[in-house]
Structure formats: C-alpha cells, structure tokens
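**Student:** Attaching a single structure in structure tokens format; questions to follow.
FYI, it's all coordinate maths here, none of it is from the lab. Bear in mind the structure is a predicted one, so any value in this text is a computation, not a measurement. Positions of Cβ are backbone-derived with ideal geometry, glycine not excepted, and every protein chain shown enters the neighbour counts.
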Amino acid sequence: MPTRAEAIALLTSPGQPFALTEIDEPNRPGGRWRVYEHAPATMADVLRGTAAHGDTDYIVFEGERLTYAEHLNLCAGLAGYLASIGVEAGDRVAVGMRNYPEFAVGFWSAMAMGAVSVPLNAWWTGPEMVYALQDSGAKVLFLDDERYQRLAPHLDELPDVIATIVCRSRAGLPDSVTTWETLCATFPAETSLPDVSIAPDDLASIMYTSGTTGFPKGAMQSHRNHITNIFNSILSGAAGAIAAGVTPAAGDAPPRQQAFFSMFPFFHIGGMSALNLAPATGMRLVTLYKWDLDKAIDALVAEHVTSMAVVPMLYRQILDSARVHELSPDVLGGIASGGAPVPPDLITRTESQFDAKVAPANAYGLTETTSGVVTNAGGDYFAHPDSVGRPVPGADIRIVRPDDGEDQPNGEIGEIWVHGPNVVSGYWNNEAATAASFTDGWFHTGDLGYVGDDGFVYVVDRLKDVVIRGGENVYCAEVEAALFLHPDVADVAVIGLPDQSLGEEVVAVVERRAGSDIDAVDLQRFAAERLARFKVPSTVVFRDKPLPRNATGKILKRDLRDELVAK
C-alpha cells in the first residue's frame with residue numbers, strides 16, 4: 001500500500017487528475033509557480049459547476065437547509081441586483097454576519113460577478129468594522145441584524161456605501177436599508193450568473209487579519225489563491241484514501257453525500273476553506289450559530305458527519321465528552337484542527353480513543369497563505385504528532401535566520417517563509433506592510449520552526465512569543481504541549497514577563513479542570529520531568545475563568561500579559 005507521500009506523487013504526475021504545470025509568476029519577472037493543470041480558472045467557474053449538485057444540501061445551519069440549486073439561484077439574483085445598482089468588476093462588497101447560509105450567498109455572488117468580497121470579523125465592534133470598510137472602500141454592505149445594529153451609528157462615516165442589505169432583521173429598519181427577504185422576493189424564479197471576464201489572478205477577496213496587535217491588514221486573495229487551496233484539500237483527501245486502501249470497487253452503489261462539520265467562522269480562513277471546498281466537491285457543510293457541545297454532537301450524529309474541523313480547544317472538549325462514544329468511527333472518518341497550535345496529546349488521544357480508525361488532520365497556514373500550505377494527516381500524523389506535516393504541492397518552504405535572512409539547514413530553527421500560488425500578493429492599500437512581510441514573493445509567516453531530515457515541518461512558536469530567559473530561548477508552544485499532558489490541566493498559555501536578573505521569566509497561566517486541586521509545585525514538578533530546567537515555568541497562575549481568545553481560537557497573550565503586569 002503506498003504511503004501518503006507516494007500517493008500525492010502519483011496523483012500529481014503528468015496525465016493524472018492533479019497534474020502540476022509551471023507558469024510565470026504574475027508581477028514578478030523570473031518567478032515561477034507550480035499550479036494544478038486541470039483546476040478551474042476562477043471561483044465563478046466553481047460556482048457554475050454547482051449546478052451538477054442540484055437539490056442536495058450545501059449548508060445545514062441549526063436545522064435550516066440551503067440546497068446547491070437554491071444557493072446558485074440566489075447568487076445569480078444577488079449578482080444581478082448588484083450590477084443593476086452600479087457595482088462593477090473590482091468593486092468591494094462587504095459581508096458581515098454569523099455563519100448564516102446568507103453569508104455564502106453574499107461571498108460567492110460578489111466573486112462570481114468580478115467584484116471583490118470583503119468578509120468582516122463578526123466579533124468586531126462598530127468602529128472596528130468602520131476601519132475595514134473605509135480601508136477597503138466597500139460599496140455594498142450585506143449584514144445580519146446584529147452587525148447592522150453595531151454599525152448603524154457610524155453609517156455616516158461611510159460615504160462610499162451605495163446600498164445596505166440586512167438579513168434576519170428583528171426590528172424596524174430605515175427606508176435606506178434593504179431587507180434580504182424583500183430583495184429575494186424580487187429575484188426571477190430562474191436566472192443565470194452574469195457573463196463577465198475574470199482572470200485567475202484577479203482579486204477575489206480581501207480578508208482582514210485578526211488584528212491581535214495594531215490595525216488589521218487586508219490580505220489580497222486572488223481567484224487562483226482560493227482555487228489552489230480547494231485543489232490542495234481535494235488532493236489531500238484523495239491521497240489519504242489511497243494510503244488507507246480505500247478505493248471503490250466496480251459496481252459499488254454511489255457513495256452517500258459527504259458531510260463536513262465546521263465551527264470555524266466563515267470570516268476566518270479555516271471557515272472560508274470549508275465554504276469554498278463544499279461547492280467544489282458537493283459535500284454538505286454543517287455548522288451552528290455558536291458552539292454548544294451537546295448541540296454539536298447532536299448535529300454530528302443526526303447529519304452523519306463524515307469529517308469535521310474545530311479549533312484545538314473544542315477538539316479537546318469533544319474528546320473529553322461523555323458522549324464521545326456516539327461518534328462512530330464507521331461514520332466519522334476524520335477530525336481536523338487548526339487556527340491555533342494543536343497540542344500533540346490530542347493526536348495520541350484520538351489514536352487511542354478511536355482505535356486509530358478516525359484520521360486526524362492538521363493544516364498549517366495563515367490568511368496570507370489562503371489556508372494550509374503544510375499538512376499532516378492519517379498515519380503520518382499518528383507517527384509525527386508534533387509536526388504540521390509536509391508542504392502541499394506547489395508550495396515551497398524556507399527556514400530563514402531572522403537576524404540576517406540566511407537559510408537554515410535541516411534541524412535548525414528559523415522563521416518559516418512560504419512561496420507559491422497559494423500566497424497572496426500583499427496587503428490592500430498598505431505598501432509598507434507588504435514590503436515588511438514579503439521578499440521576492442516569499443511571505444514571512446512570523447512563525448519559528450524547522451524542517452527535519454524526513455521533510456516534516458515543525459512549528460515551535462510565534463517569533464514574537466519566544467521567551468528569552470537568561471540567554472536561552474524558550475518556545476512557549478513546547479512548554480504548553482508538556483503541561484497539556486497533565487490530566488488536571490483544562491487550558492494553558494505560557495508567556496514571558498520581565499525579570500530584572502534573567503531578562504524574562506517563564507509564566508504559565510492555567511485553567512484547572514473542575515474539581516482539581518493541583519497547585520503550582522505539582523505542575524512545576526510535572527514539567528521538570530519532561531523539559532529542561534530553564535523551560536520550566538517559574539510562576540504558575542491559576543484562573544477561575546476561561547483564557548481570553550479571539551474569534552479563531554487563538555489565546556490573546558497580550559491581554560494576559562497586561563493583566564498580570566497590572567497586578
């Protein structure tokens with residue numbers, strides 16, 4: 001049986017479905033990209049292709065169902081409306097809402113007519129939304145009621161906006177606002193997407209970074225960026241099936257529609273990846289208004305979910321749940337996680353609790369790389385639970401010494417740089433930030449890591465999260481992974497705080513499991529059995545409330561530092 005790497009090599013060879021070909025890299029003389037030869041050219045092509053999925057479900061949300069046929073018709077109707085009010089190719093259309101089915105309609109219809117979709121972080125305040133809308137120059141707002149109410153006091157600060165559409169309104173709206181339900185009633189019963197000319201490297205979306213420090217930056221994602229990510233995901237699934245020996249036999253009945261459960265917000269690159277992958281494959285995307293463990297397991301069982309993607313914190317809750325036995329390995333074939341570092345113990349627990357019948361997966365990537373550029377899954381992940389895997393086809397990885405930009409040999413730690421057709425061209429309206437983060441097409445991730453002799457990539461920490469204690473580098477993610485092995489640790493973050501003698505000191509902020517009486521000495525002793533002495537936290541702070549996180553599950557370490565320094 002071929003390995004996963006051998007399966008990928010086979011599927012990407014000439015004449016195969018995922019064959020690669022080289023093209024000139026746009027806007028960079030002499031640059032070359034390896035791209036999928038048989039991939040659709042644009043996201044509009046992907047959307048048109050969903051006609052083949054007919055009346056099968058695209059999105060299942062809290063019991064509501066939106067079929068592919070309904071979605072395609074709504075997208076055509078909305079695109080026609082946008083064109084009628086003067087939206088042209090390249091204009092920006094902002095979409096701000098929870099994971100409602102309407103999000104998909106706004107996101108896809110803008111791209112399909114050659115406009116640019118601008119997803120808004122649903123956690124943002126009114127002023128934060130104003131910043132992104134002013135920065136992007138959005139002409140149309142497509143919002144849910146909650147986002148509209150936050151933004152309403154600031155609409156006079158947005159003179160470029162020519163139309164505001166609000167869905168799921170719970171209160172009276174001014175005449176200047178169009179309700180989605182009213183607008184839908186004006187769409188023809190059957191209509192078609194506009195026939196517009198779109199090139200693969202045209203701008204498709206502007207996705208703003210999470211903005212944990214400073215103002216968010218708008219990553220400019222092309223149609224090719226999104227298509228590359230879609231094909232990377234499909235290839236990963238096909239290679240995994242070959243490596244697992246799963247091949248349909250002649251005469252087998254057509255497989256049941258695959259169902260994918262995701263709790264990543266659609267405005268996050270992980271959620272957007274699922275939103276894009278489903279139409280390309282015909283799978284059913286299942287999501288919720290907000291996280292609720294019992295509701296999630298109910299949905300996983302009721303919808304016969306075959307794979308899912310959640311942040312590590314929620315992944316842990318599922319494995320800890322008394323109902324985890326309801327998730328049959330005969331149905332649930334894979335669990336993917338990301339958005340934050342995945343502690344290795346989650347992978348070893350997956351192997352033991354599901355008897356290795358549920359394949360874990362992880363994709364390392366950022367908004368600027370249009371989701372995963374390094375992936376680990378299945379048997380490879382069980383064998384290398386501390387690695388994010390190998391680069392996807394078409395992506396190149398460099399490990400660069402931060403102080404002088406020199407490439408590091410295998411095994412040596414440096415900043416991870418990424419190049420390929422999945423990497424965005426830069427930041428919207430921000431030449432300074434683009435120049436600081438991109439060098440000759442290579443994106444500086446801000447993550448520290450290394451490549452092993454076997455080609456597996458290991459991420460050790462964020463560049464800014466390294467604690468320098470007495471001249472020694474302490475990688476917070478490594479310390480966190482060790483502490484997560486303790487059965488009484490529910491959640492943990494490791495940060496550095498100023499120290500007069502050592503420069504910085506290692507501090508662990510811990511949320512204990514309910515009923516636990518573990519103390520700092522216990523945890524320090526536990527850590528000392530697994531880590532060099534200089535890595536052991538000198539201070540352990542216990543919290544009675546959850547650690548602060550942003551919408552994508554990343555711990556807000558700056559908030560923790562400010563909180564502890566203020567004490």
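**Student:** How high is the relative contact order of the stretch 466-565, given as a whole-number percent (alpha carbon pairs under 8 Å, six or more residues apart)?
**Tutor:** Here the relative contact order equals 27 percent.
**Student:** Determine, for 32, 533, 168, the number of other Cβ atoms within 10 Å of each Cβ, and report the residues in order from fewest to most.
**Tutor:** 533, 32, 168
**Student:** Still on this structure: How far apart, in nanometres, would the label points at residue 464 and residue 123 be if each is projected 7 angstrom from Cα along the Cα-to-Cβ direction?
**Tutor:** Each label point lies 7 Å from its Cα, and together they span 1.5 nm.
**Student:** Related question: For a footprinting-style exposure proxy, rank 291, 124 by other Cβ within 10 Å, fewest first. Walk me through the numbers on the way to the answer.
**Tutor:** On the way: 291 13, 124 21.
In increasing order of surrounding Cβ atoms, one gets 291, 124.
**Student:** Taking Cα centroids, how far is the stretch 486-508 from the stretch 326-370 in Å?
**Tutor:** Here the answer is 27 Å between Cα centres.
**Student:** Let me ask something additional. Pulled fully out, how much extra length does the chain show between residue 24 and residue 292, if you take 0.36 nm times their separation in residues and subtract their Cα-Cα distance? Walk me through the numbers before you get to the answer.
**Tutor:** Working: separation 268, 0.36 × 268 = 96.48 nm, distance 4.71 nm.
Fully extending the segment from residue 24 to residue 292 adds 91.8 nm.
**Student:** Sticking with this structure for a sec: Excluding residue 403 itself, calculate the net charge of residues whose Cβ lies under 14 Å from the Cβ of residue 403, where each Lys or Arg counts +1 and each Asp or Glu counts -1. The partial results should precede the final answer.
**Tutor:** Values: positive: 401; negative: 404, 406, 407, 412, 415.
That works out to -4.
**Student:** Tally the DSSP beta bridges in the chain and give the antiparallel ones as a percent, rounded to 5. Before the final figure, lay out the partial values.
**Tutor:** Numbers: 55 of 94 bridges.
Among the beta bridges of the chain, antiparallel pairing accounts for roughly 60 percent.
**Student:** Only bridges whose two residues both fall in the stretch 466-565 count here: according to DSSP, what percent of them are antiparallel, nearest 5?
**Tutor:** Looking only at bridges with both residues in the stretch 466-565, the antiparallel portion is about 75 percent.
**Student:** Distance between the C-alpha centers of the stretch 372-425 and the stretch 55-85? Whole Å please.
**Tutor:** Taking the Cα centre of the stretch 55-85 as reference, the centre of the stretch 372-425 is 37 Å away.
**Student:** Okay, moving on. First measure r as the distance between the Cβ atoms of residue 10 and residue 412, then evaluate 1/(1 + (r/R0)^6) with R0 = 41 Å and state the FRET efficiency to the nearest 0.05.
**Tutor:** 0.80
**Student:** About the Cα centre, and with charges only on the beta carbon of Lys, Arg (+1) and Asp, Glu (-1), how big is the dipole of the chain? Nearest 20 debye, please.
**Tutor:** Numbers: 43 positive and 73 negative charges, 97 e Å.
Dipole size: approximately 460 debye.
**Student:** Now for a different question. So how far, in whole Å, is the C-alpha centre of the stretch 249-311 from the one of the stretch 426-465?
**Tutor:** A separation of 30 Å, based on Cα centres.
**Student:** Treat each spin label as a single point 7 Å out from the Cα along the C-beta direction, and report the residue 533 to residue 199 distance in nm.
**Tutor:** Roughly 6.3 nm, to one decimal.
**Student:** I would also like to ask the following. Considering only the other residues whose Cβ falls under 11 Å of the Cβ of residue 499, what net charge follows from Lys and Arg at +1 and Asp and Glu at -1?
**Tutor:** Working: positive: 469; negative: 504, 505.
Net local charge, residue 499 excluded: -1.
**Student:** Taking the beta-carbon count within 10 Å as an exposure proxy, list 331, 46 from fewest neighbours to most. Don't skip to the answer; put the middle values down first.
**Tutor:** Values: 331 16, 46 22.
Result, fewest neighbours first: 331, 46.
**Student:** Taking the Cα centre of the stretch 43-220 as the origin and placing charges on Cβ (Lys, Arg +1; Asp, Glu -1), which of 155, 103, 74 is farthest toward the positive end of the dipole?
**Tutor:** The residue sitting most towards the positive pole is 155.
**Student:** Now a separate question. For the modelled label position 7 Å from the Cα of residue 83 along Cα-to-Cβ, which residues of the stretch 37-55 have backbone nitrogen atoms closer than 19 Å?
**Tutor:** Inside the label zone: 42-51.
**Student:** Still on this structure, please answer the following. When DSSP assigns beta bridges and you keep just the ones with both residues in the stretch 43-220, what percent turn out antiparallel, to the nearest 5?
**Tutor:** 30
**Student:** Kirkwood hydrodynamic radius, computed over distinct alpha-carbon pairs, for the chain: how many Å, to one decimal?
**Tutor:** When all Cα pairs of the chain are included, the Kirkwood radius is 24.7 Å.
**Student:** Going by the alpha-carbon gyration tensor, a ≥ b ≥ c the square roots of its eigenvalues, is the stretch 466-565 rounded (a/c under 1.5) or, if a/c is not under 1.5, prolate (a/b greater than b/c) versus oblate?
**Tutor:** oblate
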